Each structure stands twice: as C-alpha cells, then as structure tokens.
Amino acid sequence: MGAVLYVPCDAAALAVGADRVAETLADELRTRGVDATIIRNGSRGMHWLEPLVEIETEQGRIAYGPVKPSDVAGLLDGGDHPLCHGLTEEIPYLKRQTRLTFSRCGITDPLSLEHYEMHHGFLGLKRALEMTPAEIVQDVTDSGLRGRGGAGFPTGIKWNTVLKAQGAQKYIVCNADEGDSGTFSDRMIMEGDPFVLIEGMAIAGIAVGATKGYIYTRSEYPHAVAIMQDAIKIARKAGILGASVMGSDHAFDMEVREGAGAYVCGEETSLLNSLEGKRGIVRAKPPLPAIEGLFGCPTVVNNVMSLASVPIIMDRGARFYRDYGVGYSHGTIPIQLTGNIKNSGLFETAFGLTLNELIYDIGGGTLSGRPVKAVQVGGPLGAYFPPSLFDTIFDYEAFIERNGMIGHAGIVVFDDTVDMLKQARFAMEFCAIESCGKCTPCRIGSVRGVEVLDRIAEGDQPEQQVELLTDLCDTMKMGSLCALGGFAPYPVMSSLTHFPQDFHVKPLTDAAE
Amino acid sequence: MALQTQSQDIEKETAAIIDVHEHQEGPLLPILHDVQGKFGYVPEDALLKIADRLNLSRAEVHGTMSFYPDFRTEPAGRHVLKVCRAEACQSMGGEKLADDIQRDLGIKWHETTPDGKVTLEPVYCLGLCSCAPAAMMDGNLHGRLDEDAVLKLVEEVK
Ligand SMILES: Cc1cc2nc3c(=O)[nH]c(=O)nc-3n(C[C@H](O)[C@H](O)[C@H](O)COP(=O)(O)O)c2cc1C
Ligand code: SF4
Ligand code: FES
C-alpha cells in the first residue's frame, strides 16, 4: 500500500493556503513517482500550525506545520525538518485535551462513512434505536448536557417538553448560525465530522418524535454548507436518513438552510421566522419553540455542539459524560482560543480549567508577545475580563457570578494596545447594526449608547456621561426582549468597571493641559 | 427592446428557480439566494415574479429581503470583498487593516471602486478568529492578512 498524507479541508486551513499545499504535494509526489493518497481531513484544531500536513508512518501520524507550498519538497525528503512536530497525538496541546465531541475531527475523511464507522460512528444511534423515546430523553437529561449555544439550558429537559407536546408534525432545528466573534466550533464539526451532527439530529428526532430536521447556518460558511449537504446525501443513500432510519420504523430526514447575514437570526425565535421565510424578528416567549416552534409545531432548537455531543452520550452512557466537569457544568466544552493568542485553535476539555491555564499554559499568551490586557469570553455580548479575574474557572455559574458568560465558549485575547472605550463603543455599535428592531431599549438605546461613548471619548463631561451610560445599560438589560439588547451592556459595563482609566484618559489629560 | 428581453429573461430564470424550491417549506430565502446567485442581485422583475408565485404581496417579499444584509437590490462590483470587523480580528489589527484598505481602494464600506471591480462590505466574523484578521473575496476565505496580502487579493481578481 502506498503512502498516506493528510491536508485539512477545514475553512481555517483553506484560508491560510491548504489547497495550494495539497496541490504542490500532489505534484511533487507524482514527480517523484511515489504511490500516495492525500486525504483531506478536518482540522485537528491547532490552527496556529495550519496548514498542518500529516504523514502516516508505522509509529503513527507525524505532523508538520505551518506548511507553505515551498516547504513541501523538503518535507518529502525525510530526515529532520524544522516544521516537524513529531507524532501528532503527542503534541501537548492535543494530548492535554479530552476529545469527546471532537473525537474524530481531524482524524478522518469527513465524507467517508467507512472512516466514520471505523471510529465508533453510529453506535449512539444504534443504541438509541433499541430504546424508547422516553429512555433516550432520560439518558440525555442524566448526562447533564446543557445547551452549548449560550444559554446553557438542560438539553434533556427541552427534549422532554417536545416529546410530551402534541403535534402531528415536530421538528429538530439545529442552530448553526454561529455568529459570535471568537467561535468556530460548529463550523469545524460541520466541515470535519458532519456525520456526527447528522447522527445527533437523528437521535433527537427519534427521541421526540420528529421526522424532519433543519440545519440553519450562515452564508459566511460556504464550505460547511457544501460538506453538510454532501454528507446528508451520502447518509440518505446509505439508509441512515430517510423513511426508515437504519432499517427501523423511524423516519427522519434533513435539509441545510442558509441565513443571509443577520446576527440576530442566531436567536432561536428569529431563526424560526427566518426559516419560515420571514423577516428575522424575535418572537415573544411564551409560547416556547418546544411547544409552538417552526410553522407552529413543537420544535427542538439546539446548537450544533449540543446535538453533536449526543451520539457519544448515547454510545458511552450518561454517566460517562456526566463524570467530566465541575458543579452543574457536566461533560466537555470545546473552547476556542482566538484573537491575539499564540496557540490559537480549538481545545476540548472538561469544564473547570481557569482562564489563566487556558490563556497562558495552553494558549501561550499573546501572539504579539505583549502583555494581555483583557479577554472577551462568550462573543460580542460577553463581558471583558481583566487578568485579575483570570482565576475564574470555565463553568457556567462561575462566569455568571462574575457578571460574565461562557456563551459559545469563545475566548478573544487582546494585548495592552487595546482601548477598552473603543471596545465598549463597538459593542453598542454592533447592537445597533444587528438589532431586529422590535424593542426600543435595544433599537434606540444602542444608538444612544454609541453617542454617549463618543462624548466620553471627546472628554465632554465624562462623569455625567458615565452616569448616563450606566442608566442606559440598566434600561437595556431590563427592557429588552432578547439577549441582543439585554446583554450588549455586559461588554460595555465590564469595560467601564475593569478599565475605568480608558474612559477618562482623554478628559484627564485635557484637564491637565 | 433589449430591456424587454432582459426583463423576460429574468422572469424566466426566476420561474425556473422557483420551480426548484416551490415544494420546500419556507422557500423564500432559498429562492432569494438562488436569484442573487444568478443575477448578482435581486432584480425588481424577479421580486414581482416571486411575490406572484408564492402568493405574497410585493411589499412582503421586499420587506423580508430588506431585513437581510446579504440581499442586494442593485448589482455589486465584479467582485465582493468582505472584510471582518469583529472583535477577534480587531485584536489582531483588523480595524487598521480595514482603514488602510478603504484608503487604498479609495472607497468606504458598501461602495464599489470606480472601475466596477470590487465592492467592499463589512462582515462580522467569518469563523476564522484563530487566524485573524480575515476576509472573504467572493466565496474564498483568507486569514492572517495584512495590507499587502489584501491588495494582492484585489490584484489577482479580474
Ligand atoms: C442575539 C442572539 C444570538 C444567538 N446566536 C446563537 C447562535 O449563533 N447559535 C446558537 O446555537 N445559539 C444562539 N443563540 C441562543 C439561541 O437563542 C438558543 O438559546 C440556542 O440555540 C438553544 O440551543 P442550545 O440549548 O443547544 O444552546 C443566540 C441568542 C441571541 C439572543
Ligand atoms: S432586544 Fe434587540 S434584537 Fe432582541 S428583540 Fe429587542 S430589538 Fe430585537
Ligand atoms: S472575528 Fe474576524 S473571523 Fe471571527
């Protein structure tokens, strides 16, 4: 058998030249007359090393990265190479992880059913098919899995509501609208292990009695859309999806739908309106989507990570999953280390690591080499934390206690060149741009917020403006229908609270002049 | 005459797109995406055709369409460059990069270069936050960008 090499097809790898590396590699192998196969795998999640080329050896896969086309020839010559990181599995960043949801990502060919099954694929679904819907729901509840889309609501409890709801038609809607800056775990799983999402959605369908699923994702994710669509076709052909799921009497099929550039469509009711072909305006709750969701039917809306974690829970058991983590945060969480950080990428681990461990021990500090000034956790609506709070552990409740949220588990690192007043202004500006317009505190409040922050920047009565800003943030928190308007105050107020100097610098120097 | 033919063509193409999606639940967004994919924007004739076939008013279709930043009512330049403005890219100098590009191209957000080559759009996260700053030229993604790299992207397209 010939040599086997791997070059990822993940969008992050493509964005830094993986296709050109793969082409050069193929040419070079042909020129040398080497019989070889290049597998386009998902990403291992060590994005600072992308494009990461792996060569299979008797000892295991050897990693090289970041590889440029000009490095390819040297890489094939063998011997020591400056880009060589040794056995991939032994790289500390990977070795320290607990990969449950991402157990296959980066290892397999995303569209190979054979690879998928060789690596424990469909074992969860097979087990689910032997259980009653209530038993499946009970297992998911017992696993302690909480929604990974941001709110952390227990997935099993949501499923139970849909299971009990009456309706001739029920739906599984996968929220793949991943709009938070600093996040890409949904994208990585869709591009790197699409069958696990299909499996998770099929299990959800069987559990609640839904026969139709939708994956609603972003138009900014063209590669994820293409791979998901191909994977669905393959699964349908193999009898995983369709009138009889794996030969059972359960029917389940699904479709991918693309959003059109609106962040708010990640909010579940806005998403449902968008799926129905309407404006993505947020709906008032109740009714809950679980009771009256898509086209008025009982609907499970779950994040990609929530659904993609279900197969391993069904395969290994609720207890196995539940035993990872701390407090009420059970299982693992794929943390995304992004922005100005050396070892950027995806790090799946049990809940409970501190920000210090994540940013310094694992992340290696800033890429610029300058001191860390702040991190934003949980997307554009998440709070900014200063280094004095880096002892906070990654746990839903620990973050809430400190006026933050883990959200979709993205961490964006900023060095000491960042101006926190600017970041606060951006949070308000973003809210103004993305507001669905339904409620005044969000629609108007965010615009006023930008104006007030501009006045602070100009040094125009900063004390009074800060008071105004605080009031405004309170109004938005209390009076907004959804978390866009309700949480935009968090990045603003955390900036103000933890970095007051950035809000007064200009007026103070002005006064001194 | 030419105009009329064009308008008939648009209607015909739009009808064909509607045929593909009509049976789907909530077909409006998939139709709008395909229409924009075909023409580069959503022409008024297409809008009217969609309204007619889906049994909606023109205002309803227009109202939905205008909610979403992706849909255009006018053609864009030959290429669309979307530069990420969100936080992870900001942390890696994305804001300065965006300013530099606007200056270099001589246009602001949502504008098109005078030669009709490139339309510049802001985007809020491309999921490439681990290789920031990032941008998208037409359907292609690019990370770890600097000013030179972006200008090269613009040069490389026709
Ligand atoms: C403005 C806004 C944007 C959101 N964006 C997303 C998103 O991109 N992905 C997601 O899964 N949830 C998002 N949510 C949360 C969803 O409303 C919902 O809680 C989630 O999809 C439920 O799934 P889960 O229980 O599996 O987390 C967003 C919420 C708000 C208010
Ligand atoms: S808070 Fe903002 S986004 Fe949410 S419903 Fe109100 S206006 Fe819409
Ligand atoms: S913030 Fe720019 S790609 Fe995510």
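The values are calculated or read from the model by the stated rules, or taken from the named source; none is laboratory data. Predicted model, so just to flag it, every value in this text is computed and none were measured. Methodologically, a virtual Cβ is constructed for each residue, glycine included, from the backbone with ideal geometry; neighbour enumeration extends over all protein chains shown.
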Residue, farthest from ligand 2 (Cβ to nearest atom), within region A:262-281, restricted to residues that are in contact with a strand residue (DSSP E or B) (Cβ under 8 Å, 6 or more places away or on another chain) and of a type in the set (Gly, Ala, Ser): A:Ser274
Selection count, region A:203-221, where residues are farther than 15 Å from B:Pro30 by Cβ and either within 13 Å of chain B (Cβ to nearest Cβ) or at pLDDT below 95 (or both): 5
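Within region A:444-451, is there a residue that is in contact with a Cys (Cβ under 6 Å, 6 or more places away or on another chain), away from every other protein chain (no Cβ under 14 Å) and within 13 Å of ligand 2 (Cβ to nearest atom)?
Within region A:444-451, one or more residues are in contact with a Cys (Cβ under 6 Å, 6 or more places away or on another chain), away from every other protein chain (no Cβ under 14 Å) and within 13 Å of ligand 2 (Cβ to nearest atom).
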Test result for A:Asp361, more than 14 Å from chain B (Cβ to nearest Cβ), outside any loop (DSSP other than H, G, I, E, B) and touching a Leu at 6+ places or on another chain (Cβ under 6 Å): no
Residue that is farthest from the other protein chains (Cβ to nearest Cβ) [pool: residues in region A:327-342 that are within 16 Å of ligand 3 (Cβ to nearest atom) and either outside any strand (DSSP E or B) or among the β-branched types (Val, Ile, Thr) (or both)]: A:Ile335
Any chance A:Arg425 is without any contact (Cβ under 8 Å) to a residue 12 or more places away in the chain and either within 11 Å of another protein chain (Cβ to nearest Cβ) or in contact with a helix residue (DSSP H, G or I) (Cβ under 6 Å, 6 or more places away or on another chain) (or both): no
Scope region A:153-211; condition among the β-branched types (Val, Ile, Thr) and farther than 23 Å from A:Ile335 by Cβ; matching residues: A:Ile157, A:Thr161, A:Val162, A:Ile172, A:Val173, A:Ile198, A:Ile203, A:Ile206, A:Val208, A:Thr211
Wholly enclosed helices (runs of 4 or more DSSP H) of region A:400-513 bearing at least 1 residues within 16 Å of ligand 3 (Cβ to nearest atom): A:420-434, A:489-498
Residue ID - nearest to the other protein chains (Cβ to nearest Cβ), chosen from residues in region B:9-36 that are more than 19 Å from B:Tyr68 (Cα to Cα) and crowded, with 17+ Cβ neighbours inside 10 Å: B:His21
Region A:98-155: number of residues that are of a type in the set (Ser, Thr, Tyr) and farther than 25 Å from A:Pro8 by Cβ: 4
Scan of region A:364-398 for residues that are in a helix (DSSP H, G or I) and of a type in the set (A, V, I, L, M, F, W, C), ordered by number: A:Leu381, A:Leu389, A:Ala398
Failed item in (1) away from ligand 1 (no atom under 16 Å from the Cβ); (2) within 25 Å of A:Gly331 (Cα to Cα); (3) within 13 Å of chain B (Cβ to nearest Cβ), with A:Val412 passing the rest: (1)
Every pair of residues 6+ apart whose Cβ atoms lie under 6 Å, when the first sits in region B:93-105 and is among the aromatic types (Phe, Trp, Tyr) while the second is within 16 Å of ligand 2 (Cβ to nearest atom) and assigned to a helix (DSSP H, G or I): none
Residue within region B:46-56 that is surrounded by fewer than 18 Cβ atoms within 10 Å (Cβ to Cβ), within 16 Å of ligand 3 (Cβ to nearest atom) and farther than 20 Å from A:Cys265 by Cβ present: no
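Yes/no matrix, rows are residues, columns are (1) within 13 Å of ligand 1 (Cβ to nearest atom); (2) not assigned by TED's automatic domain parsing to the domain that holds A:Ser368:
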| residue | (1), (2) |
| --- | --- |
| A:Met405 | yes, no |
| A:Leu468 | no, yes |
| A:Met478 | no, yes |
| A:Ala483 | yes, yes |
Top-ranked residue in region A:260-301 [being among the acidic types (Asp, Glu) and touching a residue at least 60 places away in the same chain (Cβ under 8 Å); ranked as surrounded by the most Cβ atoms within 10 Å (Cβ to Cβ)]: A:Glu267
Subset of region A:110-132 (residues that are surrounded by 19 or more Cβ atoms within 10 Å (Cβ to Cβ) and in a loop (DSSP other than H, G, I, E, B)): A:Pro110, A:Gly121, A:Phe122
Of all residues making up region A:220-265, the number that are under 22 Å from A:Arg187 (Cβ atoms), among the small types (Gly, Ala, Ser) and touching a Phe, Trp or Tyr at 6+ places or on another chain (Cβ under 9 Å): 6
Which listed residue, of A:Gly242, A:Gly247, is of a type outside the set (Phe, Trp, Tyr) and either under 29 Å from A:Ile291 (Cβ atoms) or buried (at least 20 other Cβ atoms within 10 Å of the Cβ) (or both): A:Gly242
Test set (1) in contact with a Gly (Cβ under 9 Å, 6 or more places away or on another chain); (2) at negative phi - A:Gly45 fails condition number: (2)
Residue satisfying all of: in region B:127-158; more than 14 Å from ligand 3 (Cβ to nearest atom) and small (Gly, Ala, Ser); surrounded by the fewest Cβ atoms within 10 Å (Cβ to Cβ) among these: B:Gly139
